[in-house]
Every structure is written in C-alpha cells, then in structure tokens.
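Engineer: Here's a structure for you.
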Amino acid sequence: MIAIARRDSLRELVSGGTTLGAEISPEILNAIFRKDSPVHDGAVLIEANRISRCGVVLPLTQRGNVPFEYGTRHRAAMGMAERCDALMVVVSEERGEVTLMHGREIALMHDAGELAELLQNLTARPPMSLPAKIRTWFFANLKYRLAATGLAALLWGMSVLATGATVRIVSVPVEFAGVPAGMEIAGQSVTRLEVQLRGTSWLMGSVGLTGLVARFRLQDAAAGPVRLKVGPDNLDLPPGVVLERVSPETIQVRLVRHTP
C-alpha cells in the first residue's frame, strides 16, 4: 500500500513506521514489500517525490458500505483517502488487483498503463504560463512521467507475480451430490481428506479455511465402484489460496441400485 502526498500533509494522520528519505526505485520498493521485511504490512509514504517513511499505520475508514472482499489494507487506504487528498495505491496479492483511491473514489486498474496515466493526471500541477509550460514539458514532466510509469509497472508486477509462502494443512469432510435416481451410496473409501494449502500470511489468517468441504457430483455415475480424482474444483478455494497437496489423491465410492 502506497500513499502519495499532494497538497495536504500526511504526518498527523499516520503513526509508527520508519523514516527513510530515499529516492523512489524498484529496488527499494521491492525490499520494503518483501515477505520477510519487518515493514511489509505497513504503508509507504511518498512525499516530494521521495519515499519519506515506510511501515506506517493508517486510519481505518468509518464507512459502512465497504466491499465485502476488502480487508484491513483496503479499509486503511479508504480511511486515508477520506481524510486528505493523498492518492492511495493498494495491491491485492491474493486477487492480483491494483486499486487507486482518492477522496471517495475507488478505481480498479486494468493494466499498468491505466494506472500510470491516472497517476500522471492526478499529480499534475496547477496551470502555469506558456514559457513555464514549455520548460515543464521538456524537463520536469519527463521526470514525473517516467516515475509514474515505473511505479505503475512495479506495482502491477507485484500484484501479478507475488506468491504466498504460508502453508496450512486442514482436514476436509467429503460430501456427495447428484446421486442418480434409483441409486444409493453403499460405501466410500474415506470420509475426510487431508489438504495442504498455500497463500499469503494475511489471507491464510483471515479466511475461514476450516469451513472447506470437498464436494463431488455423481449424476453421471453408473452402478458399481466409482473412482473420483480430487482437485481444486472440488474444494471451492478462496481467491489467492492454492492447493499444493491432497491425501488421498483419489477416493472411491460404490453405488448400488436402491431396493424398496
């Protein structure tokens, strides 16, 4: 999450964090947002075209109509955008999305080019004289455009390439649906599966993985033994959670014709 200051000061709205005072570069931002970085979960402040602080805590929004998929990170970005004129860029590693917030406006970016264009437009300076415009066009604007484009490309790459490193193993019950008319299940090899899942630490700690169920549909099955392979489609995993291993990998049920 990155807060880009415009006219309003951000100092009274944030708390904690580490003073940095560094130039904006992909190397520094990558180092800040690494999984093992102690300031990974906080926000980065960009003031006067420099990274002033990192790992800061932002105020949460008090709005009631927050999208259900938004967690603490997005709520903090909304809270900051509502209290000042800063531009808030939020990367969702789990959903592979980049969102730009300013004021009460929330815009989901579709690619790095769209994000770069919006950042350029929203950070544009007030109108100036023609000679000043010419000088700005040839010199200052080039710097801002390159910075905005580079930042957008970096953030977009983080949203697409970031992978979670947290692994959890859960026991999942097995359910069957769509049993053909006139048949019933006479036996099954297992009633639960051991599932190993991977995702980011934030997502793995926030979603209800204990409520997962392995579901199998039997509407096209014939009488006799039926062998079923277990895959992600049977588990209905939350976005950003990956199935790494399941035991057993296949289960077997036996269908018999129902006798009145």
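Engineer: So which strands (runs of 3 or more DSSP E) are wholly in the range 19-92 and hold at least 1 residues that are modelled with pLDDT under 85?
Structural biologist: Ranges flagged: 87-92.
Engineer: From the list 43, 48, pick out the single residue that is touching a residue at least 40 places away in the same chain (Cβ under 8 Å), of a type in the set (Gly, Ala, Ser) and closer than 17 Å to residue 82 by Cβ.
Structural biologist: Being touching a residue at least 40 places away in the same chain (Cβ under 8 Å), of a type in the set (Gly, Ala, Ser) and closer than 17 Å to residue 82 by Cβ holds for just one of 43, 48, which is 43.
The values are calculated or read from the model by the stated rules, or taken from the named source; none is laboratory data. Since we're looking at a predicted model, the values are computed, not measured. Quick reminder, even Gly has a Cβ in these numbers, built from the backbone with ideal geometry, and neighbours come from all protein chains shown.
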